[in-house]
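Chemist: Let me give you the structure first, and then I'll get to my questions.
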Amino acid sequence: MTSSQGNGHKPVAAVDLGSNSFHLIIGRVLGDQVTVLDRLRDPVRLAADIDEEGNLDERAIERMQASLKRFRERLVNIPAKSVRAVGTDTFRRIRTPKDTLSRASAALGVPIEILPGGEEARLIYLGVAHEEPAIDGRRLVIDVGGGSTECILGKRFTPLLKDSLRMGCVGFSRRFFPEGRFTRKGFRKAEVAAKLEFEPMQRRYQEAGWEECVGASGTMNAICDIVRGAGWSEGPLTLTDVKRLRGELITAGRSERLELPGLTSDRAEVLGGGLAIVKAAFESLGIESLRATKAALREGALYDLLGRIRHEDVRDRTIRALSERYHVDSDQAERVERTARRCLDQVARDWKLEPESSAQLLAWAARMHEIGLALSHSGYHKHGAYILENSDMPGFSRQEQLRLSALVQGHRRKLTRVPFAEFPGAWQEELLRLCVLLRLAVRLHRTRSPRPLPSFKLKAGSDGLLVRLPSSWLERHPLTSADLEEEDSFLSGCGIRLRVEAL
């Protein structure tokens, strides 16, 4: 899409695979806003069936697949490139994410990204910032999900502070209120545990300050709806309201005995854990009042997808910021990127590489391949891979970070299939071939000369590459000729040959 008018009637969709519920939102782009056409919610509650070792119960996987197949039916007429599906805390904790993701993606019909905690927080804030009226000052957003709690302090569309905490309404309910039993002792323990999670960040947020506090997602909306429905308050949620609701739960004793306006049975089962976290947030951060919003992660994912469609990709800004932070030689990075793209253009069809997504990943890898030099030249490809795997990279899913890290790790020295072994089979072959192209581009620019390369031709086969270069150029560049011969031996460990032929 090249303009908002051009996409005015084309639908876009986001799927949020949360730890408590799955959500599908379908919208239509009008100008800079998304008009919602449809919403679906399914309380799958994955977090209730994952153990401490990260093993997800087979019954939960079957529930997940059944839910995603229902979503797939609603998405049947929307192009895959206009759909973004993201997984949150439970997917981050799964012991065998590759296998589970394969089954989930097959059921939904589109790839599913696992979001790092920081990226989940950014998208939540993005959704709230787009859907809520703008304010002059800072806004604190708190989202109590099924498996994690996100806190974000920002101004307009920019997050200034963001944290993802390992606690959520499903996990806390299972841990402190087993079988839906509400006790005063259980609440005390849950609130202390939550305050311990808030403690490392509370001073930063209190010192920064905010003009309003907004609560996102199901737990916050359920609590605010109950308070209003019971007639306790018509305004924003306060600590007094939270304490009163806490007392109601303790008096009832069990989740099935709760008789509160607007409370569904599936929300009642996880209300205790969510309420304890909300009370701890009020007390730890010094929140005076909070109002709920319907906007959440799914809206943020939708707006982020819209930015990608319009070529306003936050991931490109992230790459530029990392390049500046680690003082990457931008001229050399640009040379390698241009040559890597030339290589891809010539072999994409024979090697079955998707031109757009492969070009984007290869370009990022070229931009980042020397990032590790900021630490040390010795083993800098490994340093670079570590930086990319562990940095906070706004816009990037966990898989994207790992793929980029693997390409940078594999761009020099002997190449094996080890850096790609943890990826699904189709990705392994794609990454291996992209890595070969990146390595070739790096070799051709080893002199770091600004002079353009001569015209060259590549022919790709199942077992490797044939590179045709002008004989006169090879004679004038004996170091590069020797490098290309050495590269052939470095690639042999993964079953790829690199042959050079003089034109």
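The values are calculated or read from the model by the stated rules, or taken from the named source; none is laboratory data. No experiment lies behind these values; they were computed from the predicted model shown. Neighbour counts are summed over all protein chains in view; Cβ atoms, including those assigned to glycine, are modelled from backbone coordinates with ideal geometry.
Chemist: Within 20 Å of VAL336 (Cβ to Cβ), in contact with a Phe, Trp or Tyr (Cβ under 6 Å, 6 or more places away or on another chain), in the same structural domain as ALA385 (by TED's automatic domain parsing) and without any contact (Cβ under 8 Å) to a residue 40 or more places away in the chain - does that describe any residue in segment 464-487?
Modeler: There is no residue in segment 464-487 that is within 20 Å of VAL336 (Cβ to Cβ), in contact with a Phe, Trp or Tyr (Cβ under 6 Å, 6 or more places away or on another chain), in the same structural domain as ALA385 (by TED's automatic domain parsing) and without any contact (Cβ under 8 Å) to a residue 40 or more places away in the chain.
Chemist: Out of segment 431-463, which residues are out of contact with any helix residue (DSSP H, G or I) (no Cβ under 9 Å at 6 or more places or on another chain) and in contact (Cβ under 8 Å) with a residue 24 or more places away in the chain?
Modeler: GLY461, ASP463
Chemist: Checking GLY218 against (1) among the small types (Gly, Ala, Ser); (2) in a strand (DSSP E or B); (3) closer than 27 Å to MET64 by Cβ, which test does it fail?
Modeler: (2)
Chemist: Further question on the same structure: For residues that are out of contact with any strand residue (DSSP E or B) (no Cβ under 8 Å at 6 or more places or on another chain) and either of a type outside the set (Gly, Ala, Ser) or at pLDDT 95 or above (or both), scanning just segment 133-144, find the one that is nearest to LEU160 (Cα to Cα).
Modeler: Among residues in segment 133-144 that are out of contact with any strand residue (DSSP E or B) (no Cβ under 8 Å at 6 or more places or on another chain) and either of a type outside the set (Gly, Ala, Ser) or at pLDDT 95 or above (or both), the one nearest to LEU160 (Cα to Cα) is ASP136.
Chemist: I've got another one for you. Of the conditions (1) in contact with a helix residue (DSSP H, G or I) (Cβ under 7 Å, 6 or more places away or on another chain); (2) assigned to a loop (DSSP other than H, G, I, E, B); (3) surrounded by fewer than 22 Cβ atoms within 10 Å (Cβ to Cβ); (4) not acidic (Asp, Glu), ARG174 clears all except one; give me its number.
Modeler: So the condition that ARG174 fails would be (2).
Chemist: Answer yes or no: is there a residue in segment 287-297 that is of a type in the set (Ser, Thr, Tyr) and closer than 26 Å to VAL170 by Cβ.
Modeler: yes
Chemist: With respect to the numbered conditions (1) free of Cβ contacts under 8 Å to residues at least 60 places away in the same chain; (2) part of a helix (DSSP H, G or I); (3) in contact with a helix residue (DSSP H, G or I) (Cβ under 9 Å, 6 or more places away or on another chain); (4) charged (D, E, K, R), which one is the sole condition not fulfilled by GLU199?
Modeler: Going through the list (1) free of Cβ contacts under 8 Å to residues at least 60 places away in the same chain; (2) part of a helix (DSSP H, G or I); (3) in contact with a helix residue (DSSP H, G or I) (Cβ under 9 Å, 6 or more places away or on another chain); (4) charged (D, E, K, R), GLU199 breaks only (1).
Chemist: Does ILE277 satisfy the criteria of being under 26 Å from the mean Cα position of the chain (by Cα), within 23 Å of ARG246 (Cβ to Cβ) and not assigned by TED's automatic domain parsing to the domain that holds GLN428?
Modeler: yes
Chemist: Continuing with this model, one more query. Across segment 230-285, what is the total count of residues that are of a type in the set (A, V, I, L, M, F, W, C) and part of a loop (DSSP other than H, G, I, E, B)?
Modeler: Residues flagged as of a type in the set (A, V, I, L, M, F, W, C) and part of a loop (DSSP other than H, G, I, E, B) within segment 230-285 amount to 5.
Chemist: Please enumerate the residues belonging to segment 202-215 that are among the acidic types (Asp, Glu) and not in a helix (DSSP H, G or I).
Modeler: Matches in segment 202-215: GLU211, GLU212.
Chemist: Also: Mind telling me which of the residues ARG342, ARG335 ends up being buried (at least 22 other Cβ atoms within 10 Å of the Cβ) and more than 26 Å from the chain's Cα centre (by Cα)?
Modeler: ARG335
Chemist: Then there is this: Here's a check for you: in segment 72-87, which residue that is within 20 Å of LEU306 (Cβ to Cβ) and over 19 Å from the mean Cα position of the chain (by Cα) is surrounded by the most Cβ atoms within 10 Å (Cβ to Cβ)?
Modeler: Applying the filter and picking the extreme gives LEU75.
Chemist: With ARG308, ARG341 as the choices, which residue is in a helix (DSSP H, G or I), modelled with pLDDT of 95 or more and of a type outside the set (Ser, Thr, Tyr)?
Modeler: The match here is ARG341.
Chemist: Right, something else. From LEU388, LEU415, LEU373, which residue is buried (at least 22 other Cβ atoms within 10 Å of the Cβ) and over 23 Å from the mean Cα position of the chain (by Cα)?
Modeler: Within the list LEU388, LEU415, LEU373, the selection yields LEU415.
Chemist: Follow-up. With the condition being within 25 Å of GLU400 (Cβ to Cβ), I'd like the helices (runs of 4 or more DSSP H) fully within segment 417-503 carrying at least 3 qualifying residues.
Modeler: Hits in segment 417-503: 425-444.
Chemist: Testing LEU302 on (1) part of a helix (DSSP H, G or I); (2) surrounded by fewer than 20 Cβ atoms within 10 Å (Cβ to Cβ), one condition comes back false. Which one is that?
Modeler: Of (1) part of a helix (DSSP H, G or I); (2) surrounded by fewer than 20 Cβ atoms within 10 Å (Cβ to Cβ), only one is false for LEU302: (2).
Chemist: Still on this model: Please report, ordered by residue number, the helices (runs of 4 or more DSSP H) entirely within segment 352-409 with at least 3 residues that are in contact with an Asp or Glu (Cβ under 9 Å, 6 or more places away or on another chain) and under 18 Å from ARG317 (Cα atoms).
Modeler: 355-368, 398-409
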